1. When the residues of region C:130-165 are filtered to those that are loosely packed, with under 13 Cβ neighbours inside 10 Å and in contact with a strand residue (DSSP E or B) (Cβ under 9 Å, 6 or more places away or on another chain), which remaining residue is modelled with the lowest pLDDT?
2. Hey, residue B:117 hits all of (1) more than 29 Å from residue C:283 (Cα to Cα); (2) surrounded by fewer than 23 Cβ atoms within 10 Å (Cβ to Cβ) but one; which does it fall short on?
3. Can you confirm whether region A:190-206 contains a residue that is in the same structural domain as residue A:16 (by the TED database), closer than 25 Å to residue A:117 by Cβ and in contact (Cβ under 8 Å) with a residue 60 or more places away in the chain?
4. Considering only residues that are assigned to a loop (DSSP other than H, G, I, E, B) and under 19 Å from residue A:282 (Cβ atoms), look in region A:303-319 and name the one that is nearest to the other protein chains (Cβ to nearest Cβ).
5. So which residues in region A:73-84 are in contact (Cβ under 8 Å) with a residue 40 or more places away in the chain and closer than 20 Å to residue A:111 by Cα, if there are any at all?
6. Answer yes or no as to whether residue A:329 is part of a strand (DSSP E or B) and at pLDDT below 95.
7. Would you confirm whether any residue within region A:251-262 is over 23 Å from the mean Cα position of the chain (by Cα) and more than 14 Å from chain B (Cβ to nearest Cβ)?
8. Determine, yes or no, whether residue A:207 is assigned to a helix (DSSP H, G or I), more than 14 Å from chain C (Cβ to nearest Cβ) and crowded, with 20+ Cβ neighbours inside 10 Å.
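The values are calculated or read from the model by the stated rules, or taken from the named source; none is laboratory data. Since the structure is predicted, the reported quantities are computational estimates derived from the model, not experimental observations. For neighbour counting, all protein chains shown are included, and Cβ atoms are generated from backbone atoms with ideal geometry for every residue, glycine included.
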């Protein structure tokens with residue numbers, strides 16, 4: 001693990017060199033606007049870089065009495081993606097698991113993922129809506145394959161396990177012992193706090209057992225059933241497919257939302273999630289119960305709080321979970 | 001200067017009782033007018049949902065013409081009155097949204113006005129041609145249907 | 001002060017069983033946000049609030065009760081009351097099932113503007129008196145922090161209510177801002193307008209928050225969700241996004257009550273209320289009609305006059 005520090009100016013110089021290949025999430029641009037260069041692209045949701053809002057999967061046409069399918073070879077130029085730890089965790093721990101399964105790799109996602117180099121900006125301005133520590137994250141979370149930068153005194157701390165990918169490491173200066181210790185202490189504090197506040201282990205199973213509880217109806221009443229939360233969520237991964245074109249066309253993959261009434265509409269006309277109650281319940285349970293039960297305790301929510309921030313009625317998933325958790329095993 | 005060989009495609013919604021008959025009269029009378037329109041016959045101009053006009057633009061129509069009976073002569077008594085209000089609002093909205101005003105046209109053509117119909121079509125084609133192919137509101141996906 | 005009157009009224013309504021439930025605003029953990037709540041017990045009435053952050057149009061929730069027997073009390077600002085009027089006219093609910101708690105509204109605060117202009121403020125720092133808005137006792141320009149749709153409000157008093165909280169306002173406080181919202185676009189050329197709208201439509205993610213927060217979008221199946229036929233594809237391409245909004249605007253023509261809930265709901269901050277507001281301005285000018293102000297006049301698209309504007313027709 002190579003670490004170092006760099007002045008703000010040098011960091012910005014390096015960003016400027018690569019600016020055309022940089023994607024920066026809105027959160028980073030909002031809190032540290034100096035890190036967004038003119039020719040970098042700001043994206044609202046980190047998953048836009050990998051899981052596109054709309055995507056062509058393959059072309060087809062009818063010829064010689066059969067369907068001819070032409071695969072579209074996805075390609076992506078190498079890019080940098082700069083985001084906060086919560087958002088990046090969504091990629092590494094949730095979306096990668098969904099789209100890069102060995103048996104069902106989505107080639108478009110895989111191609112874009114391969115060319116992507118992550119730059120994680122340590123979070124120093126949490127929003128009032130954030131709650132990453134509840135779900136196993138922390139503001140200084142990092143991944144060894146990524147470049148981690150953190151505002152540190154007047155400069156920036158750098159850290160990565162792949163210095164060959166990030167030539168900025170050459171421009172950094174080494175830390176002295178005191179500084180190294182300070183970083184360690186900070187990191188430890190963050191981890192401890194996160195561990196203390198993490199949701200108890202029995203939550204996924206407990207929520208699952210509360211499926212028929214009446215509380216879901218009260219909780220979900222005010223939800224408008226739009227898709228704002230799902231479309232701005234970095235972990236939401238539902239998609240819809242449609243064949244565009246009759247005899248000649250392409251397979252279209254678009255974002256879909258479990259909040260839309262037609263999401264689970266069967267061809268028979270039956271809808272297992274007919275009202276807001278079932279859909280809201282499903283959203284909470286998917287992130288806090290089904291996903292962790294399947295993925296060994298890993299939550300399908302990273303606690304970025306974006307959904308709470310933009311919900312028109314301020315529907316609060318954190319409050320909802322805490323409310324239901326209180327009912328698990330009738331604890332008070 | 002290069003002469004453009006591009007010809008606009010105009011979708012024409014014609015009401016069955018007046019405008020369609022007027023267009024038919026223009027045909028049997030062998031009146032000459034530009035061949036750029038594609039006619040869709042509807043029972044009444046009042047039956048035209050603004051969605052049809054949007055769909056025409058979405059599918060790549062360079063211009064849209066909607067034609068009905070003269071006010072007071074509607075076969076269904078008042079269909080064209082409602083249409084007049086609806087299309088007034090629609091046109092104002094589209095122009096305010098930045099769509100060229102000359103892409104959407106409305107006319108009253110009665111069943112005996114074959115001459116007028118050919119004049120209207122000529123006017124519409126001449127208005128649309130200088131605007132070039134429609135690119136606003138055209139769907140990004142090009143497929144066969 | 002008004003909140004205690006409101007809470008007392010709510011308790012009385014529930015105690016005397018005048019209504020079965022009350023739909024109103026409650027507070028949240030966040031100082032500048034409220035949420036819609038529904039209460040059916042007297043004790044729950046203490047949760048009700050009324051402040052300039054009560055942005056949702058509560059008439060939107062009436063569609064859940066269309067076929068039930070509940071008697072409902074609803075907190076309605078001027079614009080919300082107009083929405084209820086439109087719903088009554090369109091037979092979506094009967095008047096005798098509603099008890100309208102009218103709210104004399106000084107306008108809603110825009111959180112983004114608030115953060116920019118008064119980053120350290122808390123709700124208690126603001127006060128609305130009849131002469132205007134005051135921050136720490138000093139009068140301030142409402143344009144600095146009020147919602148754009150509220151700056152051009154023409155109905156600060158609810159046109160229909162059973163009980164009013166607050167005093168009737170004699171004039172609309174913001175008459176001077178009438179033109180500012182739409183004029184900037186009126187003055188652009190066709191290409192400039194298109195550029196401006198394209199830029200906004202590129203941001204749209206088709207979450208339908210605007211549609212779902214609107215009290216007058218109550219269709220069982222929206223045209224946007226229709227696949228047979230498909231009017232707009234589910235993919236958020238700029239042209240389909242704009243088509244969706246234009247068609248929705250046409251569906252709102254003559255029905256929009258200009259509450260601005262759509263614009264407040266938009267997660268990507270598109271000034272989406274400008275489209276229906278422009279159409280309503282046209283309808284006011286040409287057809288002398290305002291949605292939700294009375295029960296007698298016919299909806300503009302369901303009636304006609306002999307001398308309707310017709311110069312645009314060849």
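1. Per the criteria, the residue is C:131.
2. (2)
3. no
4. Residue satisfying both the conditions and the ranking: A:313.
5. If the condition is that a residue be in contact (Cβ under 8 Å) with a residue 40 or more places away in the chain and closer than 20 Å to residue A:111 by Cα, then A:76, A:77, A:78, A:79, A:80, A:81, A:82, A:83 are the ones that fit.
6. Considered against the rule, which asks whether it is part of a strand (DSSP E or B) and at pLDDT below 95, residue A:329 comes out as no.
7. yes
8. So residue A:207 fits the description; yes.
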